[in-house]
Amino acid sequence: GNSVTQMEGPVTLSEEAFLTINCTYTATGYPSLFWYVQYPGEGLQLLLKATKADDKGSNKGFEATYRKETTSFHLEKGSVQVSDSAVYFCALSKHGSSNTGKLIFGQGTTLQVKP
Amino acid sequence: GAGVSQTPSNKVTEKGKYVELRCDPISGHTALYWYRQSLGQGPEFLIYFQGTGAADDSGLPNDRFFAVRPEGSVSTLKIQRTERGDSAVYLCASSYSGTGGGNTEAFFGQGTRLTVV
């Protein structure tokens, strides 16, 4: 079946450090891949997405590249800020005429950035 | 415009009781999803509506769970004979269209935290 696996957290970094949160997936066919973020006290928000192999999604300084050969979609940011502290979820959605758009999420990775 | 609205934000109920959770999607969004998020886990899909009909209910855990969307906008998730294991945050999301290979963004509400005591 389809699944998403993320690195376990929490991840604790100092401000301006480099961030990587690993995400790998298992899926038949060619899914779309997403990173969602949940800030404290807020709902899930789409951070970035990629819909086909080698696409790079980017937003707010975050980037992730759809790697079909390694079935990965790792999230990176060159210099994190305290305001990036949140829970990050990797997710996939299937293509196709029968696609319902439902998302399959990883378990989430908590990021804490200290000043 | 308003985002996805879920009410109540918190619900505490006794084991065995019936509960209803409401979702008001973004106006014009035909696709509506319910997810359940247990502590420390990612959201898990429950059910998907396209318009008024439940197009995919494969995620509903058992027949105590039921959802409706009678007029194609507001949806209600109904849980009968609640159990302590039903305690979780129930999330609702809507998008303009459920099809298209995930190319349309899903917008999430803030969820209803259900606690069964």
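The values are calculated or read from the model by the stated rules, or taken from the named source; none is laboratory data. Worth saying up front: this structure is predicted, and the values here are computed from it rather than measured. When we count neighbours, we look across all protein chains shown, and the Cβ atoms used for this are built from the backbone with ideal geometry, even at glycine. Surface accessibility is based on the protein's heavy atoms, side chains included, excluding ligands, DNA and RNA. Shrake-Rupley method; radii C 1.70, N 1.55, O 1.52, S 1.80 Å.
Computed values, structure above
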read-out	value
Where A:G101 falls short, out of the listed (1) within 14 Å of chain B (Cβ to nearest Cβ); (2) of a type in the set (G, A, S); (3) farther than 21 Å from B:Y33 by Cβ; (4) crowded, with 17+ Cβ neighbours inside 10 Å	(3)
Selected residue [more than 11 Å from every other protein chain (Cβ to nearest Cβ) and out of contact with any Asp or Glu (no Cβ under 8 Å at 6 or more places or on another chain)] from A:G78, A:G43	A:G78
Pairs with Cβ under 9 Å, 6+ apart, first in segment A:1-22 and farther than 18 Å from A:G78 by Cβ and in a strand (DSSP E or B), second open to solvent by 70 Å² or more (accessible area, probe 1.4 Å) and of a type in the set (V, I, T)	A:S3/A:T26; A:V4/A:T26; A:T5/A:T26
Whichever residue in segment A:20-40 is surrounded by 14 or more Cβ atoms within 10 Å (Cβ to Cβ) and in contact with a His (Cβ under 9 Å, 6 or more places away or on another chain) and, among such residues, is nearest to the other protein chains (Cβ to nearest Cβ)	A:S32
Subset of segment B:69-99 [open to solvent by 40 Å² or more (accessible area, probe 1.4 Å) and of a type outside the set (G, A, S)]	B:P70, B:E71, B:K78, B:Q80, B:R81, B:E83, B:R84, B:Y96, B:T99
A:V80 at pLDDT 95 or above and either of a type in the set (F, W, Y) or out of contact with any Gly (no Cβ under 8 Å at 6 or more places or on another chain) (or both)	yes
Breaking point among (1) over 18 Å from B:S94 (Cα atoms); (2) in contact with a strand residue (DSSP E or B) (Cβ under 6 Å, 6 or more places away or on another chain), for B:G42	(1)
Failed condition for A:E63, given (1) acidic (D, E); (2) within 14 Å of chain B (Cβ to nearest Cβ); (3) in a strand (DSSP E or B)	(2)
Of all residues in segment B:15-46 being open to solvent by less than 10 Å² (accessible area, probe 1.4 Å) and in contact with a Ser or Thr (Cβ under 6 Å, 6 or more places away or on another chain), the one that is farthest from the other protein chains (Cβ to nearest Cβ)	B:V19
Residue satisfying condition, being out of contact with any Gly (no Cβ under 9 Å at 6 or more places or on another chain) and without any contact (Cβ under 8 Å) to a residue 40 or more places away in the chain, within set B:S75, B:S58	B:S58
Strands (runs of 3 or more DSSP E) enclosed by chain B - at least 1 residues per element that are modelled with pLDDT under 95	B:31-37, B:44-50, B:53-56, B:88-95
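Per-residue answers, yes or no, for (1) part of a strand (DSSP E or B); (2) under 17 Å from A:I104 (Cα atoms); (3) open to solvent by less than 50 Å² (accessible area, probe 1.4 Å):
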{"position": "A:L46", "(1), (2), (3)": "yes, yes, yes"}
{"position": "A:K49", "(1), (2), (3)": "yes, yes, no"}
{"position": "A:D54", "(1), (2), (3)": "no, no, no"}
{"position": "A:S58", "(1), (2), (3)": "yes, no, no"}
